[in-house]
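First comes the structure, then the notes that go with it.
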Amino acid sequence: MTSNRSIGDNPTVDGGDSDSDSGVEYETVETPVLVIGAGAAGARTAISLAENGVSPLVIGKRDHGDAHTTWAAGGINAALGSRDPEDSPAIHAADTLNEGHMLNDPAGVETVTEVMPDRIRELEDWGTPFNATDEGAVEQRYFGAQSFRRTCFVGDRTGEAMLETLIGRAQELEVPYRENVQVTKLLSDGERVYGALGYDMNDGSFLLFRAGAVVLAAGGYSAVYDRHSSRDEENNGDGPALAYDAGARLMDAEFVQFHPTGMVAERYGERWEGRLVTEAVRGEGGRLFNADGERFMERYSPEQMELDARDVVARAIAREIAEGRGTENGGVYLDISHRDRSFIEERLPSMYARFADLGVDLAAESVEVAPTAHYSMGGVEIDFETGKTGVENLYAVGETTAGIHGANRLGGNSLAETVALGKIVGDHLAERSFADRPVLPASQQRLAREHFADLDAMAGEGSEVPEELLGELGDLLESHAGILRAEKAVVRVRGRCRLLADGRRSRAPGGPRAP
Ligand SMILES: Cc1cc2nc3c(=O)[nH]c(=O)nc-3n(C[C@H](O)[C@H](O)[C@H](O)COP(=O)(O)OP(=O)(O)OC[C@H]3O[C@@H](n4cnc5c(N)ncnc54)[C@H](O)[C@@H]3O)c2cc1C
């Protein structure tokens, strides 16, 4: 993608005038389509737009190429049948619906699973270095709850390799981008969206993006939990929150996926709290043991064992820990030391290196793991043929949305969703004309000025410390709305969250009791 740092030089985006009506200066940036999010979903959407002659502006709140997608390790699903020719998109769809407890959108699932073989071939053509079989086909491995070997991978750095490919392709198409921009509000009257407001994180200057359409590709919300597998500044719900504030509908917010194997802070240090030990470790034969040395999955899932659905394995681990059979650090053991060192080094290179840095030899000893908040199945409600939300000109794609994964995501399906729907949303949007953009209504100009004035005031002295609020929210959700939850406690947490949101923390009664 092309940097848009000196926006005046870029033909696709006009550098607007500063506006000081309210005493707060801001810059106006014009674009036909604003894509908020530079992960796989945003990048794939932008590629389709550019291939069809529309030049979108892509923005993200980190350095370009450093979206959360880079953390996806294990792989991406497509019924290619490289290893198991009996596999098909229909069986992929059935596995997805089963794993989602039939609460998925069936038509959306069918769309994603049907197009995935083409999306993988396309990624391969664009240069993604997928692991290959001896015959040169894309290699595929098992992930939990899959009927066949269906997960394509680039070692254990699949997301990073994919995003490099997508960005390379976007660069060929000269897609402009702007990095380190945080969007704080969408310009919306509740019926229609006109653009977005935010600030440049490098210098704090305010930005107004005027756009014919806005695509939210801003990731999920699993990082609102205390122990989570994302970076702290990512997946903290910006996408769904921006959409909700703009008038869009959210759905399934209670569906949070807890990955069974997060690292245990007490063993590896705070920095590693909740960080993922990829499912590929179990996919490649890793076994789970409790502190008594028992391979406890025999009791919970005698047939599928460690490769049962994520929610089944995560609940089993949580139960072992809750019932006193966990390690003294609050986890259980994951062990793949029965595999050859060379196999582990080849199939799980990042995991092998990470633990080696921590002084742990994955080929010789077990590691300590516990469930960690990992993925948000809930989010913005969209139409899966177009990406439309219920608000005119507002679209959404990727982890920010809800519906494909039902109550529980099949591992490897999230990366699949980003590219499958990214193309669909981009292709659909490119059919629209962005030639005549109406002037920004006075009400929206007023909204922008007021919002920037609020941001300006917040940058001074505020009544709350955001990190403290987030910490409190994380604690509450972790202890009372986590993987083992009871209705009473969840209802009380909801009340407490309302008080937090209203800034009435000091008057709120103590947190709910544990279930
Ligand atoms: C550790 C880990 C491993 C995973 N492994 C796999 C796997 O093996 N297979 C799989 O299918 N899935 C996996 N997932 C899930 C998968 O990585 C994500 O669901 C997927 O990458 C989401 O892509 P996305 O483009 O929707 O969002 P993201 O990659 O999260 O990108 C969001 C973008 O939005 C930007 N953004 C956010 N808020 C704002 C804002 N306010 N203003 C401006 N920009 C904003 C961010 O900067 C970023 O550019 C994994 C997840 C984790 C946490």
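Just a few scattered comments:
- Comparison of E385, E328 shows that the only residue that is part of a loop (DSSP other than H, G, I, E, B), away from the ligand (no atom under 16 Å from the Cβ) and within 30 Å of G239 (Cβ to Cβ) is E385.
- Total residues in segment 470-490, condition among the charged types (D, E, K, R), over 15 Å from A318 (Cβ atoms) and free of Cβ contacts under 8 Å to residues at least 60 places away in the same chain: 3
- Residue in segment 352-369 that is closer than 25 Å to N236 by Cα and of a type in the set (V, I, T) present: yes
- Here is the figure for segment 156-209: residues that are within 14 Å of the ligand (Cβ to nearest atom) and of a type outside the set (A, V, I, L, M) total 21.
- When the test is whether a residue is of a type in the set (A, V, I, L, M) and within 30 Å of V369 (Cβ to Cβ), A213 does not pass it.
- The number of residues in segment 240-251 being under 15 Å from the mean Cα position of the chain (by Cα) and either over 14 Å from L187 (Cα atoms) or outside the structural domain of E399 (by TED's automatic domain parsing) (or both) comes to 1.
- When the test is whether a residue is over 23 Å from D238 (Cβ atoms), in the same structural domain as A280 (by TED's automatic domain parsing) and either within 15 Å of the ligand (Cβ to nearest atom) or without any contact (Cβ under 8 Å) to a residue 40 or more places away in the chain (or both), R339 does not pass it.
- Residue tally, condition more than 11 Å from V332 (Cβ to Cβ) and either among the basic types (K, R) or buried (at least 19 other Cβ atoms within 10 Å of the Cβ) (or both), over segment 285-305: 2
- Filter result for the condition that a residue is within 13 Å of the chain's Cα centre (by Cα) and aliphatic (A, V, I, L, M), over A363, A402: A402
- Of the residues screened, R299 is not one that is in a loop (DSSP other than H, G, I, E, B) and over 27 Å from the mean Cα position of the chain (by Cα).
- Hey, G168 more than 17 Å from the chain's Cα centre (by Cα), more than 30 Å from V24 (Cβ to Cβ) and surrounded by fewer than 24 Cβ atoms within 10 Å (Cβ to Cβ) or not: yes
- If only residues of segment 419-454 that are in contact with a helix residue (DSSP H, G or I) (Cβ under 8 Å, 6 or more places away or on another chain) and of a type in the set (D, E, K, R) are counted, the one that is farthest from the ligand (Cβ to nearest atom) is D427.
- Flag for G269 being of a type outside the set (D, E, K, R) and within 15 Å of the ligand (Cβ to nearest atom): no
- A search for C-beta distances below 9 Å between a residue of segment 173-197 that is among the polar types (S, T, N, Q) and any residue that is away from the ligand (no atom under 14 Å from the Cβ) and at pLDDT 95 or above, counting only pairs 6+ apart in sequence or on different chains, returns S188/Y194; S188/G247; S188/A248; S188/V391; S188/N393; S188/L394; S188/Q444; S188/L447.
- Contacts under 7 angstrom Cβ, first residue in segment 230-244 being part of a loop (DSSP other than H, G, I, E, B), partner more than 6 Å from the ligand (Cβ to nearest atom) and of a type in the set (V, I, T), 6 or more apart: N236/V224; G237/V224
- Candidate set: segment 57-98, residues that are hydroxyl-bearing (S, T, Y) and more than 16 Å from the ligand (Cβ to nearest atom); chosen: the one surrounded by the fewest Cβ atoms within 10 Å (Cβ to Cβ): S88
- Cross-chain or 6+ apart pairs with Cβ under 9 Å, segment 366-383 first and without any contact (Cβ under 8 Å) to a residue 60 or more places away in the chain and crowded, with 24+ Cβ neighbours inside 10 Å, then assigned to a strand (DSSP E or B) and among the small types (G, A, S): I382/A396
- Residue match in segment 491-502 (condition: surrounded by 14 or more Cβ atoms within 10 Å (Cβ to Cβ), in a helix (DSSP H, G or I) and within 16 Å of the ligand (Cβ to nearest atom)): no
The values are calculated or read from the model by the stated rules, or taken from the named source; none is laboratory data. Remember, predicted model here, so these are calculated numbers, not experimental data. Note that each Cβ is placed from the backbone with ideal geometry, even for glycine, and that neighbours are counted across all protein chains shown.
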